[in-house]
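Heads up: the structure comes next, in structure tokens.
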Amino acid sequence: MELYGRQNAAKSDGCRNSSCFFSSKAEKIRVPFPPEAELSGIARKGDSILWYSRSFTIPKEWKGKNVLLNFGAVDRHSTIFVNGKKVGNHTGGYDAFSFDITDFLKSGENTLVIGACDPNDGRAPSGKNGPRGDYTFTSGIWQTVWLEPVEKQHISHIKLIPDLKNNRLEVLVSSAGNDGLKVSALAKDGTSDVAKADGTTNNVFYLPVKQPHLWSPDDPFLYDLTLQLKDRKGKVVDEIESYFGMRSVTLGKVDGVTRPLLNGKFVFHIGLLDQGYWPDGVFTAPTDEALLYDIKLAKRAGFNVIRKHIKVEPARWYYHCDKEGLMVWQDMPNLWEPDDADSVAVRKQFRDELKVMIDQHISSPSIVLWVPFNENWGAFEVTDITAWVKNYDPSRLVNGLSGFNYAPGYRPAYGDLGNGDFVDKHHYGVIEGKAVPRPEEKRAASLGEFGGKGLFVRGHLWPVPNNAYEMMLNKDVLTDTYILVLNQIEQLIKYSGLSTAIYTQTTDVEHEINGLVTYDRQVEKMDLEKVREINQAVIESTRQK
């Protein structure tokens, strides 16, 4: 694509000032990498306003089809033009969206123009990609953009919820403006048909799954699913291939202690805090293999959870977690400034984007838990929002405020919310009983972040002052320290009712050097075989005999 101009941030007010000026010179940018990334071909500091442009021609074999223009994610307000006509707007930096551009197309060459605006003012869900974030700020298009030919009547969205209690899969197939069309569902277990069911669009129906093969980190089994959309005459007008996993996520008592249960059994959650940053792509992984690497790293090191920290990844990332067998704690990217004069609109936007995040990823079996807020960052109405999430998606657990004991410094702490499925503290010091919460009658005890042990690796450091919560002397000391901490955590599991622990973190990220591997993923900073052994030993010790 071509990228036109940049806003002079010093002379403008976010995206609201009509006096913003731009250079007329076009630069070539490699999409989907943000302009701040080396892989974009531009690599410059954050922009508030960007204009993208490119030409395209519709293939002849698409004649008679509707054409969708799909975006994985654009940060954060976007406006789309095709052949000089406005197609539509979208707001939200982490969710996918699309437009039907059929009526805007012409024969031959077409022109696409995308305006992207990110005021970076903390009044929108942004996480660490916001004004108080620790790392390189990014803007504009940061996930894939593609054209897709579809029939006029087509499947636009699916929702798949496993129901182990009744040995069935809840299915909702959406087709905009096409209520009541017939849908046929076929599930396969490898090459064999295992279940069939019919329903109608925009209405829930159920696919029976007898003696289901359960999904778990030890056995991440996925069923194949074919969905056919049929018109009023019974003709198949659209067909998609998908998949689903059969598993349940609940709270329950184990020897009188409230615990998170997977498929009715307690398995200790030992996970990695995962922020999804890259030295060359920043917010965007350089390749699909790179996206998969971090997931395989967690699995190889014996972890069974990834906490995706205040970022929402491309759908492909969740597919890899589904397939590889890692439970996912999904954070909602936080606001930073929810309390100013425009707080009503700001808070509504947060709620709207929280709902969209859940809707877009609700069918992923790996996601077992939603985290609406982290460490009081931009937290507001936490008790109410936690209850809403729990009611909206009862098939998962909700950790309403992970690290309620931490205050962000720039605003008062919300404190313990009192509801949800977890009482969750963060602790980066010596692991001891007073550092972790105790389980309650209706909430499990969670150590939402711990660790943060750093190690300098010369030649693999980001060119800024590097730090961590505590520095280790060498690889052996770092590994032995982790083993010691896990042994202490095992004591807390057995005698204090602890149910989860999330270690910081998967990789180094810019100035933070507390990862299992360096930021460039070139050096393993721990003996990962020893890490795997202790992780698996602790998990095994929690299994119900």
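In table form, for the structure just shown:
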{"read-out": "Pairs of alpha carbons in the chain whose separation is greater than 40 Å (percent)", "value": "26 percent"}
{"read-out": "Relative frequency of Cα-Cα separations exceeding 14 Å in the stretch 370-451, percent", "value": "59 percent"}
{"read-out": "Computed label-point distance, nm, for sites Thr383 and Val464 using a 7 Å Cα→Cβ extension", "value": "3.8 nm"}
{"read-out": "FRET efficiency estimate (nearest 0.05) - Cβ-Cβ, Asp193 to Arg132, R0 51 angstrom", "value": "0.45"}
{"read-out": "Label point distance in nm, Tyr410-Val430, each placed 7 Å from Cα along Cα→Cβ", "value": "3.4 nm"}
{"read-out": "Sparsely packed chymotrypsin sites (Phe, Trp or Tyr not before Pro) within the stretch 374-443, loop by DSSP, other Cβ within 10 Å at most 14", "value": "Tyr410"}
{"read-out": "Extension gain (nm, one decimal) between Asp219 and Thr481, 0.36 nm per residue minus Cα-Cα", "value": "91.3 nm"}
{"read-out": "Extension gain, Lys253 back to Glu533 (0.36 nm per residue minus Cα-Cα distance, nm)", "value": "98.0 nm"}
{"read-out": "Beta bridges per DSSP with both ends in the stretch 75-199, % antiparallel, nearest 5", "value": "100 percent"}
{"read-out": "Calculated FRET efficiency for the pair Lys182/Thr79, C-beta based, R₀ 35 Å, to 0.05", "value": "0.40"}
{"read-out": "Fraction of antiparallel bridges per DSSP, the chain only, in percent to nearest 5", "value": "70 percent"}
{"read-out": "Length-normalised contact order of the stretch 479-545 in % [C-alpha pairs under 8 Å, at least 6 apart]", "value": "30 percent"}
{"read-out": "The stretch 299-334 and the stretch 367-404: distance between their alpha carbon centers, rounded to Å", "value": "17 Å"}
{"read-out": "Whether the stretch 260-331 is rounded, prolate or oblate, judged on the alpha carbon gyration tensor where a/c under 1.5 counts as rounded", "value": "prolate"}
{"read-out": "Dimensionless Rg ratio for the stretch 48-190, taking C-alpha atoms and the 2.2 N^0.38 Å reference", "value": "1.31"}
{"read-out": "When each of Lys63/Lys196; Lys434/Lys475; Lys188/Lys311; Lys253/Lys390; Lys311/Lys425; Lys299/Lys434 is checked by Cα-Cα distance, pairs over 26 Å", "value": "Lys63/Lys196; Lys434/Lys475; Lys188/Lys311; Lys299/Lys434"}
{"read-out": "Relative contact order (%) - criterion: Cα under 8 Å, at least six apart; region: the chain", "value": "11 percent"}
{"read-out": "Inter-part distance where the stretch 466-524 and the stretch 232-295 are each reduced to a Cα centre, Å", "value": "22 Å"}
{"read-out": "Net length gained if the chain between Lys355 and Ser343 were fully extended (0.36 nm per residue, minus Cα distance)", "value": "2.5 nm"}
{"read-out": "Rh by Kirkwood over Cα pairs, then Stokes-Einstein D for the stretch 341-416 at 1.306 mPa s and 10 °C, µm²/s", "value": "121 µm²/s"}
{"read-out": "Computed [θ] at 222 nm, deg cm²/dmol, the chain (DSSP H ≥ 4; -39,500 (n - 2.57); rounded to nearest 500)", "value": "-5500 deg cm²/dmol"}
{"read-out": "Shape of the stretch 232-374, Cα gyration tensor, a/c cut at 1.5", "value": "rounded"}
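Laboratory data are not the source of any read-out in this text; all were calculated from the coordinates shown. Note that this is a predicted model, so its numbers are computed, not measured. Note that each Cβ is placed from the backbone with ideal geometry, even for glycine, and that neighbours are counted across all protein chains shown.
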